[in-house]
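These notes concern the structure reproduced below.
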C-alpha cells in the first residue's frame, strides 16, 4: 500500500516537472520553431505564405497571445502541405498552443504529489481528512482554467460556468438564511440589486461618465475605484441595508417575514429607479461601461472564496446557533441563544454575500438595470436552493450549475422548431424550454422534496464507500 | 373647492375602482390563508390567466358565452392547482407548500409566455362596461362605477354563504382548528376545494373588471396587482374577509392619491411600506386575530 503510494508520488512529481518545464521552455521559442518548420522549403515559398508568416512574427512582437494563436493557426493550416508539422516540431507546437493549460495541469499534479506525500508523512491523520476535498476543489479550478484555454471564453460552456458560479454564491447565501437559520426571506433580489448598483456606480470610468449619465449631466460620483474594492463595497452596502431592514422585519414570523422582505425588495427596486436619485443611480436607465472581468477564473475565485467563508461560518459556533434556531426557536432561546442577534447576524451575512453576488452578476451582464431585479429572480434562486437541498452548501452549488446549464443550454433545443423527416415535432417553439423546465422543477418540489443533497454535504468518502459497496454487492450477487 | 374636486375626482374614482378589483383578488388570498395558512403565491397568476382565457375565448365566441366560460376555466384551474400542487403536501412543513406555490407561479408565468409568445395581447372591450360616462366633469369608464357595486354585492353574498350555509360553517370550523374539524367528520379536502373555487371565481371577475381599464395584457401584468391584493389582505388582517375588502379599498385609494401628487414611481413602493408598517405595529392587521404560539 505504502509502496504504491510512493511510486505514485514519484510518478506524479516527474510528470508535473516535465510538464511545467517543457511548457515554460517553449513559451518564447516560436520564432525558432517557425524557422525549423519551413527550413527545407524556403525555395517554394510564395508571397502570401511569407505575409502570413510575417503576421505571426508581428503579433509575437505585439505580445497578444490570442492574436498570436489565431495567426499561427491560419499559417499552419493554410500551408500544411508545405510545412513540416510532424514529430518533434508538432509536439512543440502542441505545447506552445496549450502552454498555460499544461503549466496549470503540471502545477496541479505537483500539488497532488505534495498532498499525497503529506498524507503519507502525516501520522495523526488530520491532513488525510482534509486532503481529498481540497484536491477536488483544486481539480475543478484547474479544469476550468484548462477548459477556458481550450474552448475559448465565448463558448456556451464557459458562459454556463460563469453564470453558474455566480448563482452558486447567491444560492449559498440564500441557503444560509432559509436552509440553515430557518428564516424564510424573499429579499435576495433587492440585496443583489444594491450590490450590483454599488459596484457599477463606483467602477464606471471617469471619462465615460458623461455618456452613461447623459440625462443627469455626467452624474454625481466623479471618481473610479478598483474593481476588488468596489466588490467589497457592494457587499458592505447590501449588508448595511440588511442591518437597517432587519431591525423591524426580523421580529416577524415565517410567512410575514417572507412577505415583508419581498416588499422591501420591491421598495428598493422602486427607489433605485426614482428620478430624483438619477445623478447617482441613473434613474430607470441602465448603467454600463463599468469594469468587467476577462477570465472565467475571476468569478470562480471570488465565488469560491465567499462560499468557503460561508461554509466556515456554518461550521462555527454561530452556525450551530443558527441551526438550533431553525430546528426549534423556543428551545434555542431557552438554551441561551440570543434570537434576535443571531437572526440579524445571519441576515446581514447573507445579504453581504448576496451583494457580492449582485456585483459579479453585473460584471457578467456588463450592464445593470434595476427593473430586472424582480421577485421572479428571488423565486429562481429559491428554487435552486430547494433543488439542491435546504441546508446543504454543496447541494446549492451543484444545483446552480445544473439549473443554469439546463435553462441556458441543455434545453435550448426545445425552443427551436424541429423536423424529423417531414414530420414537424409538435409544441416546440420559443418559450417551450421554460415550460418544460418549470414542470421539472414542480416535480422536484412535489416528489423529491429533499432535493439533490437533502441537508447533507457532498462527501468523497461516502461516495467512494458507496461505490465500493456496490462493487461488493455485485461480487456477492 | 369645486376646482379641487374637479382636479382630484378622477383619482378618487380610479382609487375606489382599483380598490374594488384588489378586494376581489384579496378575498382569494385571505380565504386560502385562513384555512391552509398558505400564502398562495400563484393567485396573482391565476388572475392573469383569467385575462388571457378571456382574450382567446372572446376571439371565437360571443360575449355571453365567453364571460361565463372564462370564469369556469379559471375556477377549474384554481381547483386543479390545489389538487396537484398543494394537496400532496398537506402534511409537509409549511415552507414546502409555500415553495410549491412559488413553483406553480413560475410554471404559470412560463406557460403564459409560451402560449402568447411573450407578446402583449389586446384585451377585448366588454360593451356597456367599457363605455364612457361623465360624473361631475370627470370622464371615466362605466367599469369604475360598476366595480365597487359589484364587489360589495359579491362580498355580501360570500358573507351570507359563510355564515348561513353548511359548507360555510365547515369553512369556519376548518379555519378555527384544522385537526379538530377533521376529527369532527368535516371533509377537509372538499372544504379546501370550495375555498379555491370561490377564490378563483372572484379572481376571474376581478380580472375582467381590472383589465377593462387597460388595453393590453402581458404574462406579468397580473403580478403587481396580485402582490398588492395580498398586501391588502394582510393589511385588513389575513383570514378576515371584511378586513381584506376594507384594506383593498384603502390601498387602492392611497395609491391613486400618491399618483395625483405626482409620485407615480413610489405608488408601488408605498403599498409595501404600508405593509411593513402594519406588520411592525399590528402584525395581525386591522381585523385579524392575534396568533399565540403554544410551546
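Each row is one residue, and each column tells you yes or no for (1) more than 30 Å from residue A:141 (Cα to Cα); (2) touching a strand residue (DSSP E or B) at 6+ places or on another chain (Cβ under 8 Å).
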| site | (1), (2) |
| --- | --- |
| A:299 | no, no |
| A:311 | no, no |
| A:319 | no, no |
| A:333 | yes, no |
| A:345 | yes, no |
| A:349 | no, no |
| A:354 | no, no |
| A:368 | no, yes |
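Can you say whether residue A:417 is over 11 Å from residue B:114 (Cβ atoms) and surrounded by 14 or more Cβ atoms within 10 Å (Cβ to Cβ), as far as the supplied structure shows? Walk me through how you get there before you give the answer.
Numbers: over 11 Å from residue B:114 (Cβ atoms): yes; surrounded by 14 or more Cβ atoms within 10 Å (Cβ to Cβ): no.
When the stated conditions are applied, residue A:417 does not pass them.
Every test in (1) modelled with pLDDT of 90 or more; (2) within 26 Å of the chain's Cα centre (by Cα); (3) more than 14 Å from every other protein chain (Cβ to nearest Cβ) is passed by residue A:243 save one, and that test is (2). For the stretch A:450-465, the count of residues that are free of Cβ contacts under 8 Å to residues at least 60 places away in the same chain and within 14 Å of another protein chain (Cβ to nearest Cβ) is zero.
Can you tell which of B:186, B:167 is in a loop (DSSP other than H, G, I, E, B), surrounded by 11 or more Cβ atoms within 10 Å (Cβ to Cβ) and modelled with pLDDT of 90 or more? Exactly one residue qualifies, and that residue is B:186. Within the option set A:407, A:396, A:400, being assigned to a helix (DSSP H, G or I), within 11 Å of chain B (Cβ to nearest Cβ) and in contact with a helix residue (DSSP H, G or I) (Cβ under 7 Å, 6 or more places away or on another chain) holds for one residue only, A:407.
Any residue in the stretch B:131-144 that is at pLDDT below 90, under 19 Å from the mean Cα position of the chain (by Cα) and in a helix (DSSP H, G or I)? Looking through the stretch B:131-144, at least one residue is at pLDDT below 90, under 19 Å from the mean Cα position of the chain (by Cα) and in a helix (DSSP H, G or I). Restricting attention to the stretch A:246-264 and to residues that are more than 13 Å from residue A:348 (Cα to Cα) and surrounded by fewer than 18 Cβ atoms within 10 Å (Cβ to Cβ), the residue that is nearest to the other protein chains (Cβ to nearest Cβ) turns out to be A:248.
For the stretch B:189-295, which fully contained helices (runs of 4 or more DSSP H) count at least 3 residues that are surrounded by fewer than 24 Cβ atoms within 10 Å (Cβ to Cβ) and more than 12 Å from every other protein chain (Cβ to nearest Cβ)?
Details: elements: B:223-236, B:241-260, B:266-281.
Ranges flagged: B:241-260.
Being more than 19 Å from residue A:427 (Cβ to Cβ), within 14 Å of chain A (Cβ to nearest Cβ) and touching a helix residue (DSSP H, G or I) at 6+ places or on another chain (Cβ under 6 Å) is not true of residue B:130.
Table: residues versus (1) within 28 Å of the chain's Cα centre (by Cα); (2) in a loop (DSSP other than H, G, I, E, B); (3) within 19 Å of residue A:374 (Cα to Cα); (4) modelled with pLDDT under 95.
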position	(1), (2), (3), (4)
A:211	no, no, no, yes
A:218	no, yes, no, yes
A:222	no, yes, no, yes
A:225	yes, yes, no, yes
A:235	yes, no, no, no
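Considered as a group, the residues in the stretch A:265-286 that are more than 7 Å from chain B (Cβ to nearest Cβ) and buried (at least 23 other Cβ atoms within 10 Å of the Cβ) include one that is nearest to the chain's Cα centre (by Cα), and that residue is A:265.
Just to be sure, is residue A:230 crowded, with 18+ Cβ neighbours inside 10 Å and over 28 Å from residue B:273 (Cα atoms)? Even if it seems obvious, please write down each step before you answer.
Numbers: crowded, with 18+ Cβ neighbours inside 10 Å: yes; over 28 Å from residue B:273 (Cα atoms): yes.
It is true that residue A:230 is crowded, with 18+ Cβ neighbours inside 10 Å and over 28 Å from residue B:273 (Cα atoms).
Here's the yes/no breakdown for (1) outside the structural domain of residue A:308 (by TED's automatic domain parsing); (2) in contact with a helix residue (DSSP H, G or I) (Cβ under 6 Å, 6 or more places away or on another chain); (3) at pLDDT below 85:
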| position | (1), (2), (3) |
| --- | --- |
| A:419 | yes, no, yes |
| A:427 | yes, no, yes |
| A:430 | yes, yes, yes |
| A:434 | yes, yes, no |
| A:445 | yes, yes, no |
| A:466 | yes, no, yes |
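Does residue B:140 satisfy the condition of being in contact (Cβ under 8 Å) with a residue 60 or more places away in the chain, touching a helix residue (DSSP H, G or I) at 6+ places or on another chain (Cβ under 8 Å), under 24 Å from residue B:22 (Cα atoms) and surrounded by fewer than 18 Cβ atoms within 10 Å (Cβ to Cβ)? Spelling it out, residue B:140 is indeed in contact (Cβ under 8 Å) with a residue 60 or more places away in the chain, touching a helix residue (DSSP H, G or I) at 6+ places or on another chain (Cβ under 8 Å), under 24 Å from residue B:22 (Cα atoms) and surrounded by fewer than 18 Cβ atoms within 10 Å (Cβ to Cβ). For the stretch A:1-18, the set of residues classified as in contact (Cβ under 8 Å) with a residue 60 or more places away in the chain and surrounded by fewer than 12 Cβ atoms within 10 Å (Cβ to Cβ) consists of A:2 only.
Under 21 Å from residue A:272 (Cα atoms), at pLDDT below 90 and either more than 14 Å from chain B (Cβ to nearest Cβ) or crowded, with 19+ Cβ neighbours inside 10 Å (or both): is that true of residue A:351 in this structure?
Working: under 21 Å from residue A:272 (Cα atoms): yes; at pLDDT below 90: no; either more than 14 Å from chain B (Cβ to nearest Cβ) or crowded, with 19+ Cβ neighbours inside 10 Å (or both): yes.
When the stated conditions are applied, residue A:351 does not pass them.
Among the residues of the stretch A:418-445, those that are within 7 Å of chain B (Cβ to nearest Cβ) and in a helix (DSSP H, G or I) comprise A:432, A:434, A:435, A:438, A:439, A:441, A:442, A:445. Filtered by the rule that a residue be more than 19 Å from residue A:390 (Cα to Cα), within 7 Å of chain A (Cβ to nearest Cβ) and not in a helix (DSSP H, G or I), the stretch B:71-119 gives B:117, B:118.
The residue list A:391, A:357 contains one member that is buried (at least 24 other Cβ atoms within 10 Å of the Cβ), under 23 Å from residue A:303 (Cβ atoms) and at pLDDT below 90, which is A:391.
Could you count how many residues in the stretch A:356-393 are without any contact (Cβ under 8 Å) to a residue 40 or more places away in the chain and either more than 11 Å from chain B (Cβ to nearest Cβ) or out of contact with any helix residue (DSSP H, G or I) (no Cβ under 8 Å at 6 or more places or on another chain) (or both)? Result for the stretch A:356-393: 2.
The values are calculated or read from the model by the stated rules, or taken from the named source; none is laboratory data. All figures in this text were calculated on a predicted structure; none of them were measured in a lab. Glycine gets a Cβ as well: all are built from the backbone with ideal geometry, and neighbour counts include every protein chain shown.
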